[in-house]
Amino acid sequence: MEVIFEESAADCTAGHLKAIDGTFVIKDAVLLEFKIKGEVAGKIKTPCDGVVSFGKGLKPGVALSKGQVIATMSECQHDIVIKDMCGDCGKDLREKGGRAGQRKEQATANVSMIHHVPELIVSDSLAKKIGSADETNLITTRKLVLLVDLDQTIIHTSDKPMSADAEKHKDITKYNLHSRVYTTKLRPHTTEFLNKMAAMYEMHIVTYGQRQYAHRIAQILDPDARLFGQRILSRDELFSAQHKTRNLKALFPCGDNLVVIIDDRADVWQYSEALIQIKPYRFFKEVGDINAPKDSKEQMPVQIEDDAHEDRVLEEIERVLTNIHDKYYEKHDLKDADQALLDVKEVIKEERHKVLDGCVIVFSGIVPTGEKLERTDIYRLCVQFGATIVPEVVEEVTHVVGARYGTTKVHQAHRLGKNVVTVQWVYACVEKWMKADEKQFELTKESTPPIKRKFIKRMKKRRRAEEMRNQKAVMRRGKARRESIVRRWMTVKK
Ligand SMILES: [Mg+2]
Ligand SMILES: [Zn+2]
């Protein structure tokens, strides 16, 4: 419905606009004051409830003439909905006696944008508008987004009673939750890490821990809500029980071009290129990840309590994330202003590739026979970090990653003067995003895992014992035969 200017006096101009363009207003609300010869002469009111859009170019001071369209009123599209009630017009959209989500009227709202209020949804177009404003805000403050996992990435939590000496360490907090006692240990360097990152990244917590747990941990990490604010996404708000990826579209409606992730698990992010996978932190013995998604296997070898205090992973990751941030804005500054936003995943990919760039690797005894090499984690890691994998020890090969000393490939590599290392070398490179010193990870007779060595010894012993048994059996049989011949001979003789 159009709102028409009816005044026929000469010299009419617009005064102050009394409503905000694009918002919902009720019937008889004032839209605009108008002036005749510079004096306020009247008010224009809305003829009905609705969303107002003012005519083009309408602002205080412009001339108005009879018959001109001042504004158009349209029905509310319900762009913002909370618990089935429209946030604009206030209409209850739920069917009478219906359950949550059962609406008698369609709403355009369908995106849940606010971490801790999943009931609040907004329309696609509004989400994009907000998302785009968020992006602009990040770029002008020269920040990126960092999604931070909690368990085993920056903390380790135990829900079991603690031995007294565990409490002697610093950065340990004990608290009650759901009538149980929990103990949380911060990974070494966590506080410094988060404080430094806050200057470069807008940080969000994304965890499979329950809401209360997530907020309790946030309180420990960030008592003034300075680092994470209300940006906490817990199990209660995650859309999927297996993948954290599903919420990205809602949180970042304009795309995830600025999003970087740190997590000890790659599967929950569906091996996203934005993920910087972190070696799991384990402080309490015999306790894994208390909030791991169901039916999932653990990743990468975990560390035990004995060397937990030597963990320096966050110092390495701080260097990696600082570098990614700086490289991103270096490139950003070089592009034209009207060019599309750069994707941080490209920067991550490039930086990751530099780590093992130029390495040509052969695996020996690493992948069990019958298993597809391309499907293994170790293959994926090597390729992601820039290495080339080949099947045989040829001229170009730089490294042989071996499980056992004495295989043909290891011998060949030694003859050709190649680096022969254990699989730990790969993990060390991946962990630090830096090529590790080969000498420290050289494959020797001793580096064959002790269990395997014991196993081989036992097998050899067993085989020898079997041979002995066989030999004895042959001898016994021989002896028996001899005896029987002798016996027969004796009887014949008699
Ligand atoms: Mg985790
Ligand atoms: Zn509405």
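Some points to look at:
- Hits in region 88-98 (condition: assigned to a loop (DSSP other than H, G, I, E, B) and over 21 Å from Lys18 (Cβ atoms)): Lys91, Leu93, Glu95, Lys96, Gly97, Gly98
- In summary, Ile261 fulfils each of the numbered conditions (1) in a loop (DSSP other than H, G, I, E, B); (2) within 15 Å of ligand 1 (Cβ to nearest atom); (3) under 17 Å from the mean Cα position of the chain (by Cα) with the single exception of condition (1).
- Ala266, sole failed condition from (1) of a type in the set (A, V, I, L, M); (2) touching a residue at least 40 places away in the same chain (Cβ under 8 Å); (3) open to solvent by less than 40 Å² (accessible area, probe 1.4 Å); (4) over 24 Å from Gly131 (Cα atoms): (2)
- Any hit, region 366-379, residues being farther than 22 Å from Lys279 by Cβ and modelled with pLDDT of 95 or more: no
- Selection from region 210-269 of residues that are under 19 Å from Ala127 (Cα atoms) and of a type in the set (D, E, K, R): Arg231, Glu237, Arg246, Lys249, Asp256
- None of Ser179, Ser158 is within 16 Å of ligand 1 (Cβ to nearest atom), assigned by TED's automatic domain parsing to the domain that holds Asp222 and among the small types (Gly, Ala, Ser) except Ser158.
- Filtering region 183-212 to residues that are modelled with pLDDT of 95 or more and assigned to a helix (DSSP H, G or I) leaves Thr190, Thr191, Glu192, Phe193, Leu194, Asn195, Lys196, Met197, Ala198.
- Considering residues of region 88-100 that are open to solvent by 50 Å² or more (accessible area, probe 1.4 Å) and either closer than 23 Å to Glu2 by Cα or of a type in the set (Gly, Ala, Ser) (or both) only, the residue farthest from ligand 2 (Cβ to nearest atom): Gly97
- Any hit, region 394-402, residues being touching a residue at least 40 places away in the same chain (Cβ under 8 Å), within 29 Å of the chain's Cα centre (by Cα) and surrounded by fewer than 18 Cβ atoms within 10 Å (Cβ to Cβ): no
- Matching option when the condition is under 41 Å from the mean Cα position of the chain (by Cα) and outside the structural domain of Ile121 (by TED's automatic domain parsing), among Val40, Val30, Val51: Val51
- Region 66-82 residues that are closer than 10 Å to Gly50 by Cβ and away from ligand 1 (no atom under 16 Å from the Cβ), paired with ones that are of a type in the set (Asp, Glu) and in a strand (DSSP E or B) (beta carbon under 6 Å, 6 or more apart): Thr72/Glu2
- Scanning region 403-445 for residues that are open to solvent by less than 80 Å² (accessible area, probe 1.4 Å), in contact (Cβ under 8 Å) with a residue 12 or more places away in the chain and of a type in the set (A, V, I, L, M) returns Ala403, Val410, Ala413, Val420, Val421, Val423, Val426, Ala428, Val430, Leu443.
- For region 115-146, the set of residues classified as surrounded by fewer than 18 Cβ atoms within 10 Å (Cβ to Cβ) and either in contact with a Ser or Thr (Cβ under 9 Å, 6 or more places away or on another chain) or assigned to a loop (DSSP other than H, G, I, E, B) (or both) consists of His116, Val117, Pro118, Glu119, Leu120, Asp124, Ser125, Thr141, Arg142, listed by residue number.
- Matching entry among Arg211, Arg187 (being under 20 Å from the mean Cα position of the chain (by Cα) and open to solvent by 20 Å² or more (accessible area, probe 1.4 Å)): Arg211
The values are calculated or read from the model by the stated rules, or taken from the named source; none is laboratory data. It should be emphasised that the depicted structure is a prediction, and the values quoted were computed from it without experimental measurement. When we count neighbours, we look across all protein chains shown, and the Cβ atoms used for this are built from the backbone with ideal geometry, even at glycine. Please note that ligands, DNA and RNA were not included when accessible areas were found on the heavy atoms of the full protein model with its side chains. Shrake-Rupley method; radii C 1.70, N 1.55, O 1.52, S 1.80 Å.
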